[in-house]
Amino acid sequence: MVWPTFVTLAAAVPVALLIDHLFGEPPAHWHPVVWMGHVLGWAGKRVAPLAEQAPAGRDLMSFWCSALFWCALSAITIFAAWSLQWALCLAPWWLAAVGLGLCLKPLLAWRMLRSEVLAVEAALAQSLAAGRERLGLLVSRDVTELSEAQVRESAIESLAENLNDSVVAPLFWFVVAGLPGAALYRFANTADAMWGYRTMRGGREWEWAGKWAARADDVLNWLPARLTALLLWPVGQGAALWHNAGLTPSPNGGWPMGAMALSLGVRLGKPGVYTLNASGREPLAADVHEAVALAWRAVWLGGALLAALAVGHYLQGMQP
């Protein structure tokens, strides 16, 4: 069995980050996450019942049907990624690292995340209505009644949470399990985004049909979310971070968001749901730019850390 060495995996990480920095996202028709979205959209129409046809109470049929679809599609994803990795690793290690970096890049998206968050602030500088409209492209919550400060809070929260989902977690699972690990994570995260709802969406009832996808995403994000919080570590505020991380409905989202709020000294929250760092001030325009700078440092620090861990594991294995 051909499997990349830890040095090959470590070298592929900066290659992927450099490609992302220089070129951003590939065209949609070549983007594997777009392909995943199309397949999940097709499957979703078969696992989630129409609202008027959904049974009252527990819907175990939808739950198990969605679980089987999820497992089958994830197995196909893993096999495709493993096959590609196997072919690349027949080449010399340095060429394999470049190839793996090229394949890893579409599974992470730092440049796009940064651009989208800064675009919200740029639109907000024009008008509150423009800021709300631009934010609506980034988040799923209702933005029509948000104040200027709340628009910034939502943008910073999205930056912190997606720093984990779009960058740290794919890199983490790549170092742990190669390209199949990163591809599985990206599939699970996309499935959660499309299926993991507790209410009706798109005319279909997702409370039971989306449970498996939501729980799988929670499991795969457990360690990366805490690693992301560590990369954004608010020095001397460990107890506060622990407290704030438990305030959000998500078992993982509160960690990077809480760390960002404490590091900036600002208040973040979702109206009527939670407030992080309640004693903090309202975020200003400068805080959005500082949040992007913190996230940028976390991206490269995290990449370097994961690459170093891979090399260290390789060197340890070489000791007699």
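The values are calculated or read from the model by the stated rules, or taken from the named source; none is laboratory data. Keep in mind the model is a prediction, meaning the values are calculated, not measured. Counting neighbours? That spans all protein chains shown, and the Cβs are built from the backbone with ideal geometry, glycine included.
Within the stretch 261-283, no residue satisfies the criterion of being under 19 Å from the mean Cα position of the chain (by Cα) and assigned to a loop (DSSP other than H, G, I, E, B). Residues GLU133, GLU148: which one is in contact (Cβ under 8 Å) with a residue 24 or more places away in the chain and of a type outside the set (Lys, Arg)? Step by step, each of GLU133, GLU148 is checked, and only GLU148 is in contact (Cβ under 8 Å) with a residue 24 or more places away in the chain and of a type outside the set (Lys, Arg).
Hey, among the residues in the stretch 203-229 that are free of Cβ contacts under 8 Å to residues at least 24 places away in the same chain and not basic (Lys, Arg), which one's farthest from SER158 (Cα to Cα)? Here the residue is VAL219.
Within the stretch 137-149, the set of residues being surrounded by 17 or more Cβ atoms within 10 Å (Cβ to Cβ) and either under 14 Å from LEU159 (Cα atoms) or among the basic types (Lys, Arg) (or both) comprises LEU138, VAL139. Would you confirm, using the coordinates I've provided, whether VAL167 is on the phi < 0 side of the Ramachandran plot, of a type in the set (A, V, I, L, M) and not in a helix (DSSP H, G or I)? Taking the combined requirement at face value, the residue does not satisfy it. Residues in the stretch 183-197 that are of a type outside the set (Ser, Thr, Tyr) and part of a helix (DSSP H, G or I): ALA183, LEU184, ARG186, PHE187, ALA188, ASN189, ALA191, ASP192, ALA193, MET194, TRP195.
How about the stretch 1-52: which of its residues are modelled with pLDDT of 90 or more, loosely packed, with under 15 Cβ neighbours inside 10 Å and of a type in the set (D, E, K, R)? If the condition is that a residue be modelled with pLDDT of 90 or more, loosely packed, with under 15 Cβ neighbours inside 10 Å and of a type in the set (D, E, K, R), then LYS45, ARG46 are the ones that fit.
Condition first: buried (at least 18 other Cβ atoms within 10 Å of the Cβ) and without any contact (Cβ under 8 Å) to a residue 60 or more places away in the chain. Now tell me which residues in the stretch 114-130 satisfy that. Correct list: GLU116, ALA123. HIS289 meets all of the listed conditions (1) exposed (fewer than 14 other Cβ atoms within 10 Å of the Cβ); (2) at pLDDT 95 or above; (3) part of a loop (DSSP other than H, G, I, E, B); (4) not small (Gly, Ala, Ser) but one, namely (3).
Selection of the stretch 238-249 for residues being under 22 Å from SER140 (Cβ atoms) and either crowded, with 17+ Cβ neighbours inside 10 Å or in contact with a Ser or Thr (Cβ under 8 Å, 6 or more places away or on another chain) (or both) yields ASN244, ALA245, LEU247, THR248. Going through (1) in a helix (DSSP H, G or I); (2) in contact (Cβ under 8 Å) with a residue 24 or more places away in the chain one by one, ARG141 falls short only on (1). Filter the stretch 181-203 down to the residues that are hydroxyl-bearing (Ser, Thr, Tyr) and at pLDDT below 95, then identify the one that is nearest to PHE79 (Cα to Cα). Ranking the qualifying residues of the stretch 181-203, first place goes to TYR197. Scanning the stretch 232-260 for residues that are touching a residue at least 24 places away in the same chain (Cβ under 8 Å) and assigned to a helix (DSSP H, G or I) yields ALA240, ASN244, TRP255, PRO256, MET257, GLY258, ALA259, MET260.
Comparison of ALA72, ALA67 shows that the only residue that is within 26 Å of the chain's Cα centre (by Cα), loosely packed, with under 12 Cβ neighbours inside 10 Å and outside any loop (DSSP other than H, G, I, E, B) is ALA72. For the stretch 20-28, indicate whether the set of residues that are touching a His at 6+ places or on another chain (Cβ under 9 Å), closer than 29 Å to ALA310 by Cβ and charged (D, E, K, R) is non-empty. Taking every residue of the stretch 20-28 in turn, at least one turns out to be touching a His at 6+ places or on another chain (Cβ under 9 Å), closer than 29 Å to ALA310 by Cβ and charged (D, E, K, R). Filter the stretch 198-209 down to the residues that are touching a strand residue (DSSP E or B) at 6+ places or on another chain (Cβ under 9 Å) and in a loop (DSSP other than H, G, I, E, B) and list them by number. Of everything in the stretch 198-209, those that are touching a strand residue (DSSP E or B) at 6+ places or on another chain (Cβ under 9 Å) and in a loop (DSSP other than H, G, I, E, B) turn out to be THR199, GLY203, TRP206, GLU207. Here LEU301 fulfils each of the conditions (1) touching a residue at least 24 places away in the same chain (Cβ under 8 Å); (2) over 24 Å from ARG152 (Cα atoms); (3) surrounded by 15 or more Cβ atoms within 10 Å (Cβ to Cβ) apart from (3).
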